[in-house]
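*Asks:* First the structure, then my questions, so here it is.
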Amino acid sequence: MATKGTATVTISELREFASFAPAEQRYIRRSLDVALGKPDTYKRWARDAGEMVSIREQYEIYRSIDVLRALHPEEAGLDGVEDFLGPLIRMAAFDLAQERLDSFSAFRFLYERLLGAWSRPWLPSAFCGAAALPLIRPERRRLLLHSISEAAAMAQGWSGREPKFYPEWIEKEVA
């Protein structure tokens, strides 16, 4: 029974990933490679000098992931909120400023995998905070902020289930 439940969850996550635009899918896979420190990330993902610089910056920004994972602030209190949300919003602002993630759903999908299921309650505030920053162009700000549903913004509870599907680069076969 557990295997069937896990397969259902994985298929659901796979479908959600498939619903994202190709640029979102590419950015999520790239971001996971950066977060995991895969050695061939530059070679695989940098199509030009601009992307090379972006990946280098992303490595720097993502250095705070381990710190964020360790902070784990309490949902019901204010202790540790500033230590956690500041770096999380900074990281989210970088990702949103890349203009590859067009929705809260894609952002949430990525960040659940970067930080873990426990981070879900914090993601709407980090997303909204980052999307509202002046470095995000006004048109993008509107698009991003309209992408978060009322249900996501006002959720009273979040699943503690860890993500099962982690998208990866798939090499194309050369005939």
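Values quoted throughout were computed directly from the atomic coordinates according to the rules given, and no laboratory measurement underlies them. Because the structure is a prediction, the values reported are computed rather than measured. Cβ atoms come from the backbone with ideal geometry, glycine included; neighbour counts cover every protein chain shown.
*Asks:* Restricting the range 115-139 to residues that are free of Cβ contacts under 8 Å to residues at least 40 places away in the same chain and outside any helix (DSSP H, G or I), which is nearest to L88 (Cα to Cα)?
*Replies:* A132
*Asks:* Give the range 39-50 a look and list any residue that's touching a Lys or Arg at 6+ places or on another chain (Cβ under 9 Å) and surrounded by fewer than 16 Cβ atoms within 10 Å (Cβ to Cβ), or say none.
*Replies:* Y42, R44
*Asks:* For a quick check of your reading of the model, give me the residue pairs whose first member lies in the range 20-33 and is at positive phi, whose second is in a helix (DSSP H, G or I) and aromatic (F, W, Y), with beta-carbon atoms closer than 9 Å and at least 6 apart or on different chains.
*Replies:* none
*Asks:* Select from the range 1-57 the residues that are assigned to a helix (DSSP H, G or I), more than 13 Å from F109 (Cβ to Cβ) and small (G, A, S) and list them in ascending order.
*Replies:* The answer is A2, G5, A7, A23, A35, A49, G50, S54.
*Asks:* Checking the conditions here, which among R161, R142 is in a helix (DSSP H, G or I), surrounded by 12 or more Cβ atoms within 10 Å (Cβ to Cβ) and not β-branched (V, I, T)? So that I can check it myself, show each step before the final result.
*Replies:* Values: R161 fails: in a helix (DSSP H, G or I).
The match here is R142.
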